[in-house]
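Right, one structure below, let's go through it.
The values are calculated or read from the model by the stated rules, or taken from the named source; none is laboratory data. It should be emphasised that the depicted structure is a prediction, and the values quoted were computed from it without experimental measurement. Quick reminder, even Gly has a Cβ in these numbers, built from the backbone with ideal geometry, and neighbours come from all protein chains shown. Calculation scope for accessible area: heavy atoms of the full protein, side chains included, ligands and nucleic acids excluded. Shrake-Rupley method; radii C 1.70, N 1.55, O 1.52, S 1.80 Å.
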Amino acid sequence: LHAAAMALDLGRADEALQILSPIPPEASRTVARRAALLRGQAQLRAGRPAEALAALRGFPRLERTDDEMQIEVWRLRADAASRAGDRRAAAEAFAMVWWAFPGNPHEEAAGAELRRITGTQTPAIPAMARVERGQRLLERGEPKAAEREFALAVRSKLSEEVAATVWYQLGHLRLRSPSAIEAFTRASRSPRLRERALYYLGT
């Protein structure tokens, strides 16, 4: 990884890709993430945006990574998609940078690019961007703003597991109100959350 990064710094994108090619599939998640990020950067610098986008789409799951790395991955995906002419993927990636990470230094530029790509001043916000933003607002001690993001997210299409997690969060944010009943009921449909959701539903 260090050698590949050094090659990139020296402008040797193809050399970096050769160095990265033997990364074994059983490597740790940390190594796999860093390798995927470097591979995407190298493909972009080598003038192969479609390959870069494919590499970054295969980036190992983003959970439990720091925000800085997540933002960088989404920024690279947006750049790669734009260069590859994939407007839909570019809009999704720019929307994540713009909305999912409140207060990040790239959100204004990403929002401007998103408006340019979509041709509207009020572009649609992906449900997952709202989920991610809601989590960060909670961590920042802004429960009302987080609740709004979660409530809007569950109106859109989410995977069953993500939707259940969001409903569970809404249940806690709405404790001691009738709407908490619906939230915990919906969350209880997830086997992973069933016991906890039923406990709070009972209270």
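Only one of the listed values, (1) -0.25, -0.40, -1.42; (2) -0.20, -0.33, -1.36; (3) -0.27, -0.43, -1.24, was derived from the coordinates as log10 I(q)/I(0) by the Debye sum over Cα atoms at q = 0.07, 0.09, 0.19 Å⁻¹; which label is it?
(3)
Kindly list the residues of segment 127-168 that lie in the label zone of residue 199, defined by a backbone N under 20 Å from the point 7 Å along the Cα-to-C-beta vector.
Correct set: 164-168.
Placing unit charges on C-beta atoms (Lys and Arg positive, Asp and Glu negative, everything else neutral), compute the dipole magnitude of segment 1-146 about its Cα centre in debye, rounded to 20.
340 debye
Of 2, 106, which has the most accessible area with a 1.4 Å probe, and how do the rest follow in descending order?
2, 106
Counting heavy atoms of the protein chains only and a 1.4 Å probe, report the per residue accessible area for segment 58-203 as a whole number of Å².
58 Å²
Return the calculated 222 nm mean residue ellipticity for the chain, to the nearest 500 deg cm²/dmol, obtained by summing -39500 (n - 2.57) across DSSP H runs with n ≥ 4 and dividing by the residue count.
Calculated mean residue ellipticity at 222 nm is -20500 deg cm²/dmol.
What is the Cα centroid distance between segment 175-203 and segment 27-57, reported in whole angstrom?
Answer, in whole Å: 40.
In the chain, with Lys and Arg counted as +1 and Asp and Glu as -1 at Cβ, which of these residues, 164, 11, 94, has the Cα nearest the positive end of the dipole, that is, farthest along it?
Selected residue: 164.
Quick check: from the Cα gyration tensor, does segment 129-203 come out rounded (a/c under 1.5), prolate or oblate?
Oblate shape, in that a/c is at least 1.5 and b/c is the bigger or equal ratio.
Please report the relative contact order for the chain, taking Cα pairs under 8 Å with a sequence separation of at least 6, and give it as a percent rounded to a whole number.
That works out to 10 percent.
Where the Cα atoms of segment 70-167 are projected onto their three principal axes, how long is each span, largest first, in whole Å?
That works out to 37, 28, 25 Å along the principal axes.
Would you kindly calculate the translational diffusion coefficient of segment 41-123, applying Stokes-Einstein with the Kirkwood radius from alpha carbon pairs, for 10 °C and a viscosity of 1.306 mPa s, and quote it in µm² s⁻¹ without decimals?
Approximately 124 µm²/s, per Stokes-Einstein.
What FRET efficiency would be calculated for the residue pair residue 66, residue 175, taking the C-beta separation as r and a Förster radius of 30 Å, to the nearest 0.05?
That gives a FRET efficiency of 0.50.
Pop out the ³J(HN,Hα) list for segment 168-176 in order, Karplus 6.51 cos²θ - 1.76 cosθ + 1.60 with θ = phi - 60°, rounded to Hz; leave Gly and Pro as x.
Result, rounded to whole Hz: 4, 4, 5, x, 5, 5, 10, 3, 6.
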